[in-house]
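Below you'll find the structure, written out as structure tokens, and then a few comments.
The values are calculated or read from the model by the stated rules, or taken from the named source; none is laboratory data. This one's a predicted model, so the numbers in the text were calculated from it and none came from an experiment. Glycine gets a Cβ as well: all are built from the backbone with ideal geometry, and neighbour counts include every protein chain shown.
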Amino acid sequence: MKPKVLNLKYKILPLSVPADFGGNITAWFEEQAKAHDLRWLLVHADDGVIWGELRDDKIHLSSKLFGPSLRAKTLQMARLFGTNSELLIWKTDYCSWQARLVIDNQGQEIEYFDENMLLWGTRLENSNDDFFLWKHGSEGLRHAPPVDSSRDLKLKVRHYIDYDKDGQAYIKYSRLVTIGADIRQEMI
């Protein structure tokens, strides 16, 4: 099926990362989540994937159940996201930090479409603090997102469309929107 292309306003802002970012990553993510109404955290680190969720103004991490600890030393990139915005932070080739914030319903008009992406996981192994350890395939791939049903192992991704000088459409930016059962996708 072809996704439905819609219009909305969006704005992209660069964010400065404090010099002491490595000192207390969790506190910085909590501050950003509260400031920009962000709920979920997806971290890609050298030693694995970490999921997080903001609950009662605190980031709860899947590390208690499975996976690596959240550390600046191993962090490659992280996406802190919610229904109206996403903060992306990444480590550059020079081991410095860059960050940007995409905000919907502000700024300039743009076309977009949403897509549901499936997360891997075929067998639920364990749970703790509302994170659920999913295993996939004979390779033993595992991660612990905050979803307890295999039908909820999906992410909604928003793709913002732009056009080149020849009028050809391309995806300018993509961001995470939601995870789990609340995902709805409009199709034409």
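Details
- Those residues of the stretch 72-87 which are among the charged types (D, E, K, R) and at pLDDT 95 or above, in sequence order: ARG79, GLU86
- Filter result for GLY48 (on the phi > 0 side of the Ramachandran plot, of a type outside the set (Lys, Arg) and at pLDDT below 95): yes
- Every residue from the stretch 107-118 that is exposed (fewer than 10 other Cβ atoms within 10 Å of the Cβ) and under 30 Å from ARG151 (Cβ atoms): LEU118
- Inside the stretch 107-120, residues that are part of a strand (DSSP E or B), aliphatic (A, V, I, L, M) and modelled with pLDDT under 95 make up a count of 2.
- Extreme residue, nearest to VAL49 (Cα to Cα), among residues of the stretch 129-149 that are surrounded by fewer than 15 Cβ atoms within 10 Å (Cβ to Cβ) and small (Gly, Ala, Ser): GLY140
- Pairs are defined by a Cβ separation below 9 Å, a sequence spacing of at least 6 or placement on different chains, a first member in the stretch 60-81 that is without any contact (Cβ under 8 Å) to a residue 24 or more places away in the chain and among the small types (Gly, Ala, Ser), and a second member that is buried (at least 17 other Cβ atoms within 10 Å of the Cβ) and part of a loop (DSSP other than H, G, I, E, B); the pairs so defined are SER63/LEU70; SER63/ALA144.
- Residue list for the stretch 150-175, filter: of a type in the set (Asp, Glu) and under 19 Å from LYS2 (Cα atoms): ASP162
- Residues in the stretch 58-69 that are touching a helix residue (DSSP H, G or I) at 6+ places or on another chain (Cβ under 7 Å) and modelled with pLDDT of 95 or more: 2 in all.
- Residue match in the stretch 148-156 (condition: on the phi > 0 side of the Ramachandran plot and modelled with pLDDT of 95 or more): no
- The stretch 84-113 residues that are within 22 Å of PHE29 (Cβ to Cβ), paired with ones that are modelled with pLDDT under 95 and basic (Lys, Arg) (beta carbon under 9 Å, 6 or more apart): TRP97/LYS91; GLN98/LYS91
- Residue within the stretch 150-165 that is in a strand (DSSP E or B), hydroxyl-bearing (Ser, Thr, Tyr) and surrounded by 13 or more Cβ atoms within 10 Å (Cβ to Cβ) present: yes
- Qualifying residue in the stretch 89-105 (condition: charged (D, E, K, R) and more than 16 Å from HIS44 (Cα to Cα)): yes
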